[in-house]
Amino acid sequence: MQLFYNSDIDNTTISFTFDKEESRHIVKVLRKKEGDKLFVTNGLGQLFTCEIIAASDHKCAVRIASTEKQLPSDFQLHMVVAPTKMNDRYEWFLEKATEIGVTEITPIICDHSERNTLKTERMTKVILSAMKQSLRYHLPKLNDPISFSEFMKGEIVGQKFIAHCEDGEKKLLKSALNPNSDTIILIGPEGDFSPKEIKLALDKGFQPVSLGNTRLRTETAAIVAVHSVAFVNE
């Protein structure tokens, strides 16, 4: 099964046309023809089974034959992760987190961050590709980068964790997690969160947690955290 994406379709849509790039891929690369079936999601949990009614490499048109809905999970996972020095490492995190099952991602700019800007358009494409590849029908939400202090001013609900490398009493994340609960996890930059940021998070109700006995890169720590949440909720 190959999954396509169109954010504009819903239960009221009868037919639609793919854009030129997608049409060319469907007709020229995949060699699809009139009468063939395509599977399309709108990223909101719906899967549409469609039939090609016009197989043009400029405008591939389809008619929706049936619709099914993928139930959302019993919890929301919001990963708040500092940008990595190299863009490809952050994109790797985005790809794998989407495959495993993240709900929302916020790049957070910290005192020790080595990168303060991100190519969000490119990041969105990575997330979209990972959603289609893993046959998920829910597209994770990618927020604009925000400073640590500004993020802490917002409303933060659910069980809250911060993974940092400073000494102190910490639980293993997998032991601290409650299943079927909305979860927010903070992962800092390679230089870790600053003491000021850690204190601000603790004052906001975040629990300090450990991800194991070894020091992990930012993107690795984030994936370990995502997998821990997925494992607890299996």
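Before moving on, here are some points about what is shown:
- Of GLY191, GLY43, GLY35, the one that fluctuates the most in a GNM where the chain has Cα springs shorter than 10 Å: GLY35
- Taking a straight line from the alpha carbon of LYS196, these aspartates and glutamates sit under 16 Å away, with near neighbours fewer than eight places off in the same chain left out: ASP111, GLU150, GLU166, ASP167.
- The range 74-177 - percent of accessible surface contributed by carbon and sulfur, probe 1.4 Å: 45 percent
- Partners of LYS59 within straight-line reach, counting aspartates and glutamates whose Cα lies under 17 Å from its Cα and excluding those fewer than 8 residues away in the same chain: ASP8, ASP19, GLU21, GLU22, GLU34, ASP36, GLU51.
- Antiparallel content of DSSP bridges confined to the chain, in %, to 5: 40 percent
- The C-alpha atoms of the chain define a longest principal axis, and helix 120-133 lies at about 70 degrees to it.
- Per residue accessible area of the range 1-55, 1.4 Å probe, in Å²: 58 Å²
- Listed cross-link partners LYS174/LYS199; LYS141/LYS199; LYS174/LYS204; LYS28/LYS96; LYS85/LYS125 are compared with a 26 Å cut-off, the Cα-Cα value being larger for LYS141/LYS199; LYS28/LYS96.
- Most mobile of SER181, SER210, SER129 in a GNM of the chain (Cα contacts under 10 Å): SER181
- Bridging of LYS170 to aspartates and glutamates at a Cα separation below 18 Å is possible for ASP192, GLU197, ASP203, once same-chain residues fewer than 8 apart are set aside.
- Dipole magnitude for the chain: about 520 debye, using +1 per Lys or Arg Cβ and -1 per Asp or Glu Cβ, origin at the Cα centre.
- Derived scalar couplings ³J(HN,Hα) [the range 72-80; Karplus, 6.51 cos²θ - 1.76 cosθ + 1.60; whole Hz; x for Gly, Pro]: x, 5, 7, 8, 10, 10, 10, 9, 10
- In nm, spacing of pseudo-spin labels at GLU155 and ARG63 (7 Å Cα→C-beta vector): 4.5 nm
- Rounded to the nearest 500, the helix-only mean residue ellipticity at 222 nm of the chain stands at -8500 deg cm²/dmol, with each DSSP H run of n ≥ 4 adding -39,500 (n - 2.57).
- Within the listed set ASP167, ASP203, ASP36, the residue fluctuating most in the Gaussian network model of the chain (springs between alpha-carbon atoms under 10 angstrom) is ASP167.
- Summed side-chain charge close to ASN6 - residues other than ASN6 whose Cβ falls under 12 Å, Lys, Arg +1, Asp, Glu -1: -3
- Cα gyration tensor, the range 47-117 - rounded (a/c under 1.5), prolate or oblate: oblate
The values are calculated or read from the model by the stated rules, or taken from the named source; none is laboratory data. As the structure is a computational prediction, the values presented were derived from the model and not from experiment. Here the Cβ is made from the backbone with ideal geometry for all residues, glycine too, and neighbour counts use every protein chain on show. With ligands, DNA and RNA removed, areas are computed over all heavy atoms of the protein, side chains included. Shrake-Rupley method; radii C 1.70, N 1.55, O 1.52, S 1.80 Å.
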